[in-house]
Structures are given as C-alpha cells and as structure tokens.
Amino acid sequence: MGEEMAVDAVASVVLQKLTDLLQDKSFATNKIISPRLKEMKATLETTPSARPAHEGTHENDEEIKKLRQEYLGHIYSIEDSIESFALRFTRQRKKLGFLMNYALFPKKFTALKMLDYKLCSIQTEVKKISSRTITLEGSSRAGSLLQQPECDDNDVQDGEEMQEVSSSSIDKETESSIQSLRSTSIIRERIEHSKLMYSYSYNEEELPIVGYQCKVDDMRRMLLNPDEGPVIPIVGELGSGKTMLARAVYGNRAITKTFDSAAWVTVFEKSTTTDILLALLNQVTKSEVQDGTTEESLKQRLAQELSGQRYLVVLDGVQTLDRWERIRHAFPNQENGSKIILTTCDEGVADPKGQMYKMDKLDHEESWTLFMTKVGSHQDPKGVKKRIIKVCQGLPLSIVLLGSLFSMKDRSEWPKTLDRLRNWQAADIMKLSYNDLDNHLKLCLIYMTLFPREMDIPVRRLQRLWLAEGFVEQPREFHEDVNQPLEFQEDVAQEYFESLVKRSLIMVSKQRSDGSARKCRLQGAIHDFLLEQAQDIRLFHVHPGSDEGLAGMRRLIEYADAGIVPPNTAPIRHTRSYISFKLQKKDIPAKHVCSLVSKMGKRLGLLRVLDLEGVYQPCLPDNLGDLYHLRYLGLRWTFIDKLPKSVGELPHLQTLDLKHTQIDKIPKTVWKLKNLQHLNLNEVHLDKDTPLHFRKSLPDLLTLWGLSVSHETPIKNGLSKLKHLRELGISFRCIKLSDDHERCQDPLVEWISELTDLQSLRLRSKDDAGNPLRLSLRPFSRLEKLSHMKLLGKLQELPPLDHFPPHIKVLTLSLTFLSKDPMPILGQLPDLTVLRLLGSSYLGETMVCLSGRFKSLEVLKLWVLEGLKKWEVEDGAMKKLKEVNIRRCSNLENFPTLLLQQKTFQDLILNNMPHAFKDKIDDIYQSKVSTKDFKEQLRARD
C-alpha cells in the first residue's frame with residue numbers, strides 16, 4: 001500500500017504548485033492557460049489513481065501498480081512542462097527586456113497554445129488512467145469522472161517550442177531503465193556519511209525505552225572491561241533497539257575518552273567489503289582514502305592504521321556471518337581493550353564460543369508502561385490493553401510508534417486503527433504510522449532518506465530544504481492587522497517537524513542548551529522502510545552509480561567521490577536538486593563538483609536546490625543567475641571566496657547561506673531579491689554605497705546573520721525596513737574612533753529594539769582589528785519573543801532588569817569587561833536556562849549567587865574569567881542547575897559544594913584548569929567531574 005500513498009504525496013505537491021500559479025497574475029489573467037490550469041487542478045483533485053487502494057490483495061494489483069507509475073510520470077510531466085515554459089520566457093524577457101512584449105508576441109502566443117495542448121494531452125491520459133484504475137478496482141466511482149476534454153490542435157505546429165515544452169515526458173523505455181536502476185544505485189553504501197554522524201548528544205535520563213538504562217550500563221561495562229572479548233554482537237529482531245543501544249554507548253562520554261579512535265559504519269545489503277573498508281579508513285585516518293585500491297590492500301592499510309591504538313568500531317546491520325568473516329581479519333587483535341560492536345538480526349553472526357548481547361523483548365508491564373508514556377496518560381482505554389501488548393510483541397520501536405500515533409487520536413479511534421493492521425510486524429506498524437500522515441508530511445518524511453542513513457541532520461537545513469522543494473503548504477491565513485503575528489511558511493515547516501517528532505518518526509539526536517532541537521535523524525529501520533517509498537517516486541539518484549535511467553530522477557545526490565562527471569547533462573536536465581555530502585579531509589578543491597556545477601546555468605534551469613554544504617571550495621559558474629527556479633543556495637563551510645554577481649538575478653531565491661565561507665562582499669542586487677528570507681553571511685560589511693534607502697522595500701527577511709555595519713551604513717530608512725526578522729547576527733564596526741562612538745550605534749539599537757518578532761540576537765561592537773569596543777544598548781523589553789541573546793563589547797554596567805527581554809532563555813556575555821558582579825541582576829531573569837560568561841565578561845574577584853535566584857538555570861559556563869577568585873552560592877539558589885563548565889579560570893579557588901550536593905546536578909566539566917582545583921573537590925563527588933585540556937580553539941558552532 002506504500003507506493004500509491006507516495007505517488008499521492010507527489011500529486012499533492014504538484015497541486016500546490018498549480019494553486020500557486022493560479023494566484024500569479026501573469027498566469028491567472030491569461031485567457032489561454034488559466035482555464036487549462038484550473039481544469040488540470042480539478043482533474044488531479046478527483047483522480048482516484050492517487051488514492052490508496054482498499055486493504056487486502058487484489059487480483060489486479062500489478063496492473064494497478066503499473067498504472068500508478070504511469071500516473072506518476074504524467075504528474076512529473078505536468079510539473080516539467082509548466083516550469084520549463086516559465087523558465088524559457090523568463091530568459092527571453094531577461095534578454096530582450098521591454099521588446100519581449102512586442103517582438104515575440106506571436107511566438108509567445110504560439111508557445112502558450114502549445115503548452116495548452118500539452119497539458120490537455122496529459123489531462124486526457126490522466127483521466128484514462130483514472131478510468132482504467134476504477135475498472136480494475138471495481139469501484140462505483142466510475143460515474144463521477146469528468147468528460148474528457150478535446151484538445152484543439154489546429155493552432156499547434158511542430159517546432160522548437162513544442163520540443164522544449166514536451167521533452168520531459170517519460171517514455172516506457174525510461175520507465176524500464178528506472179526500475180532496473182533502483183536495486184543498484186539508491187542503496188549504495190554511503191562511504192562519507194560516517195564523518196557526519198559522530199556528535200551524539202543523549203541525555204541518558206531521557207532514553208525513550210523503559211529499562212534501557214540497564215542495557216546501557218551492561219554494555220558500558222563490557223566495553224570498559226579489558227577481560228571481555230574484543231567482539232560484542234548485539235542480536236535482536238527488527239525494532240528491538242539494537243542500533244539505539246550501540247549509539248547510546250558510542251556517544252557516552254566515559255566511553256569516548258577511553259578509546260584512541262572510533263568509527264561507525266552502517267552495513268547495507270548491497271555494501272561490498274571494499275565499501276566497508278573505505279568507510280572505516282576514512283574515519284580512522286587523517287588523509288582521505290579513495291576508491292580504486294584492492295580489497296587486500298585496504299585490509300592491510302586498516303590494520304596498519306589501527307595498530308597500537310585502542311579502538312572502538314561499530315558495524316551496524318551485519319546481515320550474515322560471511323559478511324563479518326570477510327572483514328574481521330582486518331582488525332588487529334592486540335589484547336589492549338579494543339572493541340568491535342556488531343548489530344545483527346542473525347544469531348549466527350555471533351561466535352558460539354564468544355560473548356553475545358541479546359536484546360530481549362519487553363515484558364507486558366514494561367511494554368504497557370512505555371506505551372502509556374508515549375500516549376501521555378495512564379488510564380486503561382476501554383480494555384484494549386491486552387490487544388495493544390499483543391500487537392507490539394514487546395518490540396520497543398513498535399510500542400513507541402503505536403503509542404505516538406495513538407497520542408494524536410481520540411480514544412474511540414484506537415480499536416478501529418488496530419483493525420487496520422494486517423500483521424503484527426514492526427514493518428506493518430511503521431506503514432500504519434506513515435499512512436496516517438497527510439500528503440505533505442509524507443513527502444517531507446520521505447525526503448529525509450536522501451540524507452545518509454543515521455546522519456545527524458541540522459534542523460535548520462532540513463526545514464529550509466523542505467521549503468525550497470515546495471513541500472510545505474502556504475500558511476492557512478495571513479493577518480492583515482499589523483498587531484497580529486504574521487505567519488510564514490517557516491511556521492508551517494516547524495509544525496510539520498514537531499508533528500513528525502511527536503509521532504516518533506523523526507528522532508531529535510542533538511539539542512541546544514535550552515532544549516530545542518538542533519539536529520535530528522531517522523532511525524535506521526524507519527529509514528529503510530521509507531527508502532522504498534523514495535524509490536517508488538524516483539525521489540533521488542545516488543552518484544556515483546549507474547547513469548541508466550537518470551532522465552527520470554528528480555534529485556542528484558552525491559555521497560562518495562564522483563570521479564569524472566559525464567559531460568552531457570541532457571539526461572538530468574529536469575533535475576530539481578543537487579546535494580553533495582562529499583567532505584574532503586584535505587584542503588583540496590572539489591573538482592568533481594566543479595565539473596558538474598560548471599555545466600549548470602542553462603542546462604539545469606529547473607534546479608531548485610544547490611546544496612554544497614561542507615564541500616571544499618566548489619566552483620560556481622558566472623551564469624548562476626540562469627538558474628531561474630533556484631530557491632536554495634547552500635555554501636556553508638565551503639570556504640569559497642567568490643560569489644558570482646549573477647546570484648542577484650535569482651528571483652525565487654529563498655535561502656542564501658554563506659556562513660563559514662571567505663566571501664566578504666555580496667552583490668548589491670541581493671537586496672532586490674523579493675523572495676529571499678534567510679541570508680547567512682560571514683561578516684560581510686554593508687557599506688554606505690548600498691542604496692537601501694532608495695528602495696521602497698527590501699526582502700522580507702526572517703534571518704539576517706553575519707552582517708557588519710558602521711555609522712555610514714544606511715540603517716534608518718534602510719535596514720530598518722526589515723520588520724519581521726527572527727534571527728539577527730550583526731556587528732557594529734567602528735571605522736574611525738571618536739567620542740561619538742556610542743551615539744553612532746543609536747540608529748542600530750533603536751531599530752533592533754523595535755523588532756518584535758526577533759527570537760535570536762547576536763550583537764557585537766568592535767574595531768577593524770576585531771578588538772571589542774564600547775557597546776551601546778537600548779531597552780529590549782518589547783522583544784517578548786527574544787529567547788537567545790549574545791552580546792560582545794564593552795559595557796560600563798549591565799542594563800537594569802526591566803531593560804532585558806522579558807523571556808530570555810539563553811544569554812551569552814563576551815568581552816563585556818564588567819567590573820560589577822552581574823549575578824544579582826541576571827539571577828532575577830525568570831526564564832534564564834543557559835548562562836555563558838565568556839572571556840573577560842566579568843573582571844571582578846568575587847561572584848555571589850543569592851538565595852532564590854536563577855530559578856530556571858540549568859547550564860552555566862564560566863570561560864576565561866582570569867580575575868575571578870571566589871564563587872559563593874547561597875542556599876536556595878540555582879535549584880535546577882544540571883551542568884557547569886569552567887574553562888581557564890586559573891585563579892578560581894573554590895567550587896560551591898552546595899551545587900554538587902543537589903540531586904539535579906550532573907556534570908562539572910573542567911577545561912584547562914589547575915589540577916589543584918579538582919583535588920579540592922571531595923572524593924564522593926568526583927564521579928560528577930570530568931576534565932579535558934584543549935590545545936587549540938574549538939570550531940565555532942553552526
């Protein structure tokens with residue numbers, strides 16, 4: 001039943017695009033194409049081919065499946081035809097300007113008629129498919145079909161225009177080649193993915209499975225015990241929690257500091273021994289290892305690299321003993337405490353003479369406790385307890401998914417939902433959870449399979465990609481009253497994300513200090529299930545891989561070294577996205593990426609996403625502006641140093657991410673991009689020559705990060721036109737020191753104080769050399785949504801309490817040079833959860849936290865406070881504190897014992913602190929203390 005549902009999801013997105021086109025004046029007022037678009041929209045809305053078939057096996061299932069694939073091809077053809085038409089005429093308008101309205105009017109009219117004919121033909125085919133499907137299913141809905149339209153081809157002639165518009169149709173030969181592609185390309189081992197996933201951040205108290213902490217403790221003891229054997233197989237059936245257990249110990253702080261090196265490789269059914277060896281080597285070596293080396297040479301190289309090290313390796317998903325035997329001899333047995341964890345469903349993989357950790361199923365009470373934890377109530381719902389326990393069979397994944405699904409439903413719906421389960425397997429419950437989603441949510445979830453399996457995905461990146469791909473619906477309503485909050489598509493994307501998390505289909509793998517989601521992932525079993533849906537709708541093609549069937553693929557994804565990209569880009573001319581996960585270890589420009597990107601422009605004009613995050617110095621073509629449909633340009637961590645001027649000619653661009661690049665200037669035309677909403681820069685200075693004040697409006701930005709301004713920058717009637725910013729990272733740079741330095745900042749801070757939608761603020765004041773200067777502030781009490789604030793710059797004193805944002809949760813002070821203890825004021829902020837006092841933020845010797853203050857504080861960081869000697873915490877202060885991180889406070893003489901005694905307190909992390917400081921802490925609290933000295937500065941966070 002999965003396939004038709006995936007096709008249905010694609011159809012819903014195309015419907016959304018048709019709806020958006022009908023709201024566009026240039027299409028809505030056109031007498032030729034507007035009626036056709038409306039008819040096409042009505043046809044898709046009433047076509048049962050995209051609807052789920054009834055439950056059970058039908059004698060015509062294979063024929064129906066074939067019809068749905070034909071239907072999918074026509075859906076894509078509709079999308080390609082309309083967007084190709086828009087692209088072609090946009091290019092002509094760009095080339096000819098106002099002459100477009102006169103010189104090419106006859107040609108434009110003819111092309112419109114051709115597009116109309118093309119859409120009419122597709123509409124006819126779609127209705128034929130609908131009729132055939134209804135006949136096969138024996139449906140009584142046959143009489144509801146609309147009368148098929150007749151296509152008037154009197155005005156249509158063969159020619160270049162017809163070829164341009166219709167070239168996207170998918171013929172039977174292409175369909176056949178696509179089917180053969182699936183089994184080889186899309187399940188290829190993702191060699192590079194393992195580099196991206198080793199930043200787990202799990203709170204062991206919040207592990208979602210009842211009794212799981214005992215399993216983590218058992219596994220931890222096995223790993224830390226040198227007398228235990230080197231190989232530890234974790235055996236259990238699908239959904240038993242094998243991978244979760246392995247990940248929990250792999251990311252455990254006590255474990256990571258024990259081993260010299262670590263590697264995690266997911267083993268796929270199609271993974272070769274060479275694939276696995278390459279994935280391992282690219283994690284344990286400092287230099288990058290390329291494909292092309294013999295298997296035996298790779299084994300020798302791996303043994304050499306691991307020799308003399310205490311290593312931890314996880315091989316996740318080893319299917320057979322043969323697979324393990326082919327690779328096990330590459331690991332040196334040094335009897336030095338090195339460990340290899342295998343996760344498998346096959347007990348035969350485990351050595352009969354060795355140890356094995358078996359994942360036992362949960363008993364009835366454990367199952368019910370976990371289920372009701374996910375549902376959110378302990379009331380027995382009308383005697384279905386026994387049935388739910390029986391259905392879930394003690395498998396944690398099944399219990400979590402079913403409980404999360406039922407948390408979204410009324411109790412009266414539970415028995416009916418259980419009736420929809422044909423079998424009691426984990427896969428059936430995954431399918432039940434998936435089918436319960438609406439179409440847009442389905443496509444957003446399936447989309448996550450193009451990321452490497454088990455990868456930690458930045459939530460920021462994921463949601464913006466959803467938006468760029470067109471998967472997110474328009475907000476349900478817009479508020480004309482300026483006093484009402486304006487809802488953006490980003491709000492809908494956030495709702496999608498929260499819904500998928502609540503359903504336990506997405507797992508939050510890393511949280512920010514305040515508890516909000518920073519990174520997420522799909523669990524392995526869910527990823528594998530959704531991958532089938534992605535294959536059904538030809539969501540993406542993995543490169544390198546077979547180029548057979550490329551014409552039918554919508555997205556080109558790169559995980560490993562692409563080698564030489566074929567010079568002919570015609571087979572992928574309708575590609576919507578190019579995303580590369582190729583991260584070099586050495587500072588070598590990504591030539592293989594350059595080869596493809598340089599061929600873009602006119603050849604890939606339908607591209608919506610170009611995401612090269614982490615690819616080192618890719619080349620961008622000068623004609624980047626020819627990518628008319630581009631919505632997302634992601635260049636974060638590429639260290640690219642030049643941006644083509646034509647980027648300012650991308651009318652639909654929503655996200656331009658230049659963070660962690662070497663780009664210090666952007667084209668002035670960027671400020672003309674009306675659809676731009678997220679602009680992440682790398683300290684780009686906005687000079688006086690940028691004519692912002694001459695423009696009636698600026699892009700309705702939600703994110704503006706990494707901008708530098710001065711007293712010459714047009715702020716009033718310039719930047720101040722940006723009214724709906726939610727994230728602002730801005731630096732005031734003093735070009736010429738003067739007595740009026742603080743007053744020069746007035747227009748900037750006055751503008752900031754009026755940004756009532758602001759949620760995150762980073763405000764800095766510094767000179768050209770980067771040294772901190774005096775920071776001017778204004779009351780931010782109106783900024784009720786502001787929860788994250790970072791201030792860098794000299795402050796004479798802290799603002800009074802009523803000048804702070806009323807609901808600030810995370811506050812960072814850096815280089816503020818405060819002479820007066822800030823704790824009496826900061827302790828009164830009611831929602832403050834995280835406080836960071838960084839380098840020279842406070843110069844005094846004594847810090848006092850008064851009783852009853854810091855009622856919500858959970859995390860405190862004290863970094864490089866060289867003058868601090870004494871820290872006092874009164875009884876009743878910081879009652880919720882969990883973690884303190886002290887770094888290079890070399891003169892600090894004490895740590896308040898009162899904090900260590902609190903039940904909530906978990907971790908005291910000491911970095912580059914004198915050994916005598918740790919020695920002063922009582923032995924009974926040493927288990928809460930960890931130390932680590934840094935020789936170099938940590939890389940900044942995203």
Fully extended contour minus Cα-Cα distance, from Thr273 to Asn435, at 0.36 nm per residue: 54.7 nm
In the neighbourhood of Trp324 defined by beta carbon distances under 10 Å, the net charge of the other residues (Lys, Arg +1; Asp, Glu -1) is -1
Sorted on mean Cβ neighbours within 10 Å (highest first), peptides 364-377, 794-807 come out as 364-377, 794-807
I need the shape label for region 809-942. Rule: rounded when a/c is under 1.5, else prolate if a/b > b/c, else oblate, with a, b, c from the alpha carbon gyration tensor. rounded
Paired Rg and Dmax values of region 364-435, which use every Cα atom, in angstrom: 10.7, 28
Net charge dipole size for region 364-435 [Lys, Arg +1 and Asp, Glu -1 on Cβ; Debye, nearest 20]: 220
By per-residue mean of other Cβ atoms within 10 Å, what is the highest-first order of 775-785, 618-628? 618-628, 775-785
Under the 0.36 nm per residue contour assumption, what length would be gained going from the current alpha-carbon distance of Gln23 and Lys385 to full extension? 125.3 nm
Which order do the peptides 79-85, 888-894, 492-498 take when ranked by the mean count of other beta-carbon atoms within 10 Å per residue, highest first? 79-85, 492-498, 888-894
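Every number in this text was worked out from the coordinates using simple rules, so none of it is lab data. Note that the structure is predicted; figures quoted are calculated from it, not measured. When we count neighbours, we look across all protein chains shown, and the Cβ atoms used for this are built from the backbone with ideal geometry, even at glycine.
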